[in-house]
Amino acid sequence: MALLMRCTHQGTELQVFGDKLQCPAHGSKFANNGDVTNGPASSGLRTFPIVIDNQQLKVSLK
Amino acid sequence: MSLKQLQFLIFILLSNGIVLAQIDSALLKKVQQDTAIGMNMDAVYNRPFIDVGKFPVSLGGYMEVNWQHLGTDGISEGHQFQARRLTLFVASSISKKIKFLSEIEFEEGGKEIAIEFASIDVELLPLLNLRGGIIMNPIGAFNQNHDGPKWEFTDRPISATQMLPATLSNAGFGLYGKYYSKDWMFGYETYLSSGFDSSIISNPENKTFLPASKENAERFEEGNTLFSAKIGLLNNSYGEIGVSYMGGVYNTFEEDGIVLDKKRRLDVFAVDFNTTLPKLNTFITGEWAWVKIDVPATFTQQFGNKQQGGFIDIVQPVLKRKILDWDKAVVNLSCRLEYVDWNVGKFNETNGNIGEDLWSIMPAISFRPTQQTVIRLNYRYSNQKDILSNPPSKTAGFILGISSYF
């Protein structure tokens, strides 16, 4: 699964710290599966399916 | 090209079109042109931000509006309707690992407009980010984490606005970083910025008053240097604790090479914490700060050389369920306890305690239809003593407010 690194609160690009993602704007935090763990964001990150094809990682945007 | 080949080509083009039509266009990124190439006359129209669908640019903010009816010693201001502030937030990702973040605040209907925060952040490593711009000094927890909709109380803490200057920002540079490991997080921030001026002991309040420095717009161009730093440690089960410091020379000790005074320092130390109690889900947050100022001996004792104060918020969710059309609505019962002493110490002559202190208790009930929006009703009861510790003036009343991100 791939995650869109865009905070669901006001759209700021997230920063990665270890296995957590944090928004530099208002401090929302997300787990590495996209679930929101700290507000003010109230919904999880957008996710995309991935496939590994011949050692290539393909992210489906559909 | 044969007819069959042409048909195949059209099929490919059409099928590509169908695939593209299924992809959210916001996800498709246009390759940006190098703006350095081109004619000067085109520069105004060829800026990186004139780009529809640029991702991610975020635009948002929050606003706060209140009604209050307070009385001090039986005298009331009557009904007050207050549009406290409207804050606009704009951020963008300039390129990989380079971000711009900003917050512009309009207070009192636009009477006060301030760039509270505007920085360019360059991520070198997760533990090493460079930040430059108008930065928010990391003293205590409230200064940086001050957004109205995050709190259950209409007013900002007194210690964070009337002792420490809330939303204190200065021009400067710094480094910050965070490190996560399982349930633990360690973070640090450190900045060198412009700082305070002599107005902290020369102001209309006639007391040592750090927020007076915010009136000085020169701090974005020149002035004394302020060092500020914070270390934070978080555990997912136990909560977060932060220790912060800011300090520097505040007076004009030299002008055009002529020494006017000795260098006089201001030092502020703060501790903050927050935790959520297991099972009860009670959220507790607070901070306490100590201020030490080198006040000239020629000043009277009404200008304190030591101050201290802080607050603690206790927030208990009592209802978490679908209310009307909101699936995850929450009702909280809360209470804020505050104390500030603007002049710690005793009079030299009498050895009696110097007054100038305040305590306040503020119970609250708040309704959050979503995490972004809060409707809150507070009752404030505060007790403020003058410098001679005469019988205190008592303030009490109700405040109803709504605050929301947008």
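When you check A:Asp19 against the structure, is it surrounded by fewer than 16 Cβ atoms within 10 Å (Cβ to Cβ), within 8 Å of another protein chain (Cβ to nearest Cβ) and more than 27 Å from B:Val374 (Cα to Cα), yes or no? Criteria met by A:Asp19.
Considering B:Leu324, B:Leu280, the condition of being at pLDDT 90 or above and on the phi > 0 side of the Ramachandran plot is satisfied by B:Leu324 alone.
The lone criterion from (1) surrounded by fewer than 20 Cβ atoms within 10 Å (Cβ to Cβ); (2) at the interface with another protein chain (Cβ under 9 Å from one of its Cβ atoms); (3) under 30 Å from B:Ala118 (Cβ atoms) left unmet by A:His9 is number (1). When B:Ser93 is tested against (1) of a type outside the set (D, E, K, R); (2) more than 10 Å from every other protein chain (Cβ to nearest Cβ); (3) in contact with a Lys or Arg (Cβ under 7 Å, 6 or more places away or on another chain), exactly one condition is not met: (2).
Go through the range B:292-303 and count every residue that is charged (D, E, K, R) and part of a strand (DSSP E or B). Break it down into steps so the answer makes sense when it comes.
Pass one, the range B:292-303, residues charged (D, E, K, R): B:292, B:294.
Narrowing further to those that are part of a strand (DSSP E or B): B:292.
Count: 1.
Restricting B:Asn390, B:Asn378 to those that are polar (S, T, N, Q) and over 30 Å from B:Lys328 (Cβ atoms) reduces the list to B:Asn390.
For first residues located in the range B:172-190 and more than 10 Å from every other protein chain (Cβ to nearest Cβ), partners that are in a strand (DSSP E or B) and β-branched (Val, Ile, Thr) and lie 6+ apart or on another chain with Cβ distances below 6 Å form the pairs B:Gly172/B:Ile135; B:Gly174/B:Thr190; B:Leu175/B:Thr190; B:Tyr188/B:Ile231. When A:Val51 is tested against the conditions (1) closer than 19 Å to B:Met185 by Cβ; (2) more than 12 Å from chain B (Cβ to nearest Cβ); (3) part of a strand (DSSP E or B), the lone failure is (1).
Only residues that are in a loop (DSSP other than H, G, I, E, B), in contact with a Cys (Cβ under 8 Å, 6 or more places away or on another chain) and more than 7 Å from chain B (Cβ to nearest Cβ) were counted across the range A:22-44, and they come to 3.
The values are calculated or read from the model by the stated rules, or taken from the named source; none is laboratory data. If you're wondering where the values come from, they're calculated on a predicted model, not measured in any experiment. Every residue, glycine as well, gets a Cβ built from its backbone with ideal geometry; the counts of neighbours run over all protein chains shown.
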